[in-house]
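Have a look at the structure below before the remarks.
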Amino acid sequence: MMNLSVNEIAALTRAEIIGDPFFTVSGVSSFEDAQSTDITFACDTKFLTRLEQTKAGVIFVPHTFSIEQSSGYQGIFLKTENPKFSFFKLVSSVYPAKKYPCRIHSHATVGQDVKMGRHPVIESGVFIGDHVTLGDHVHLMPNVFIGDGTCIGSHTTIKPNVSIMERSYIGSHVLIHSGTVIGSDGFGFTQNSGRHEKIIHTGYVHIGDSVEIGACNTIDRGTLGTTVIGNGVKTDNLVHIAHNVKIGDNTLLVAQVGIAGSARVGKNVIIAGKAGISGHITIGDGSIVGPYAGVHSDVGENDIVSGIPQMAHGRWRKVVSIIARLPEMRKKLFSFEKRLKALENKNE
């Protein structure tokens, strides 16, 4: 349990205090579940307009928030530029990540000519192939597979049951969650005499720095060249990235996104859940692809698209509103047809 005064929290997060600076906070919690000695955060109108509904004793709010709009809330405010960031900075200081002692477990397998940096943590069941390079403070959790010729940068953590195939490159400060496969063959076949013959894949995967890959992702190696994941990219669980895809820096891929081969995704793009991206197309920098979208052609820079096939988001909203009225419109259309036929018969 934490026991910090509001003053101490404000010093840690550089927050402005509105209320009792000596109040003691004993826990961190969500907006809905917080109790009287907990601290939480509210950063948008969804929460700022109903502050009286939380029991939290202290709330992080935006520095632009007017206390006169506090909706009857009687607790203490901490005003910061980014309430969510400040809250989770506090959480990380109260609940720091577990530190593991430097070791190579006796049940790990290490190949020939492996170069390790300082303070590696290699746990039970890890397999490291030949000619692998590991940077400083690399942590390989149980049952990780690292193929021949792979390079992993410093301060990278790979969680249990991840497979990284040969010649992959993983940058520094990368986090890869359980069950992910990086560098597997792409879905490449060619027809010959009525049979599907496998195309040999000789490329590899290059993942930049400060990347987080969700659980159960599959990132295929290039057929001949490289599949590239840029710096700062974050992927949710169950994302598939096919061979030779290029993804720009700081792009977000939400759960169950699928990107077909040789597509190019720009920088600072957001692709929402279950969207499908066809191969050999380009999605411009700063664009947003809505959930369930089916993208079959290029998307321009800073465009927002939705729907199947994709179209401008505003147009898709109109289409959706029409779809909901189609049964009623069908009835009216049949009614008009009957009346028109009646008029035609009468004129005859």
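The values are calculated or read from the model by the stated rules, or taken from the named source; none is laboratory data. Source: prediction; values computed, not measured. Because the Cβ atoms are built from the backbone with ideal geometry, glycine has one as well, and the counts that use them run over all protein chains shown. Quick note on the areas: whole protein, heavy atoms, side chains included, nothing else; ligands and nucleic acids left out. Shrake-Rupley method; radii C 1.70, N 1.55, O 1.52, S 1.80 Å.
Assess whether Thr218 counts as being among the polar types (S, T, N, Q) and more than 22 Å from the chain's Cα centre (by Cα).
When the stated conditions are applied, Thr218 does not pass them.
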Residue in segment 36-46 that is farthest from Phe22 (Cα to Cα), counting only those that are open to solvent by 10 Å² or more (accessible area, probe 1.4 Å) and modelled with pLDDT of 95 or more: Phe41
Residues satisfying the stated conditions in segment 298-317, i.e. more than 21 Å from the chain's Cα centre (by Cα) and either assigned to a strand (DSSP E or B) or without any contact (Cβ under 8 Å) to a residue 12 or more places away in the chain (or both): Met311, Ala312, Gly314, Arg315, Arg317
Failed criterion for Phe23 (all others in (1) out of contact with any helix residue (DSSP H, G or I) (no Cβ under 6 Å at 6 or more places or on another chain); (2) open to solvent by 20 Å² or more (accessible area, probe 1.4 Å); (3) modelled with pLDDT of 95 or more; (4) aromatic (Phe, Trp, Tyr) hold): (1)
Residue among Lys79, Lys84, Lys89 that is charged (D, E, K, R), modelled with pLDDT of 95 or more, in contact with a helix residue (DSSP H, G or I) (Cβ under 7 Å, 6 or more places away or on another chain) and not in a loop (DSSP other than H, G, I, E, B): Lys89
Subset of segment 1-27 that is of a type in the set (S, T, N, Q) and in a helix (DSSP H, G or I) - its residue that is nearest to Gly57 (Cα to Cα): Asn7
His105 vs. criteria open to solvent by less than 60 Å² (accessible area, probe 1.4 Å), on the phi < 0 side of the Ramachandran plot and not hydrophobic (A, V, I, L, M, F, W, C): yes
Some residue of segment 284-305 being closer than 20 Å to Ser178 by Cα, β-branched (Val, Ile, Thr) and open to solvent by less than 60 Å² (accessible area, probe 1.4 Å): no
Subset tally (residues that are open to solvent by 10 Å² or more (accessible area, probe 1.4 Å) and either outside any loop (DSSP other than H, G, I, E, B) or among the β-branched types (Val, Ile, Thr) (or both)) for segment 147-203: 18
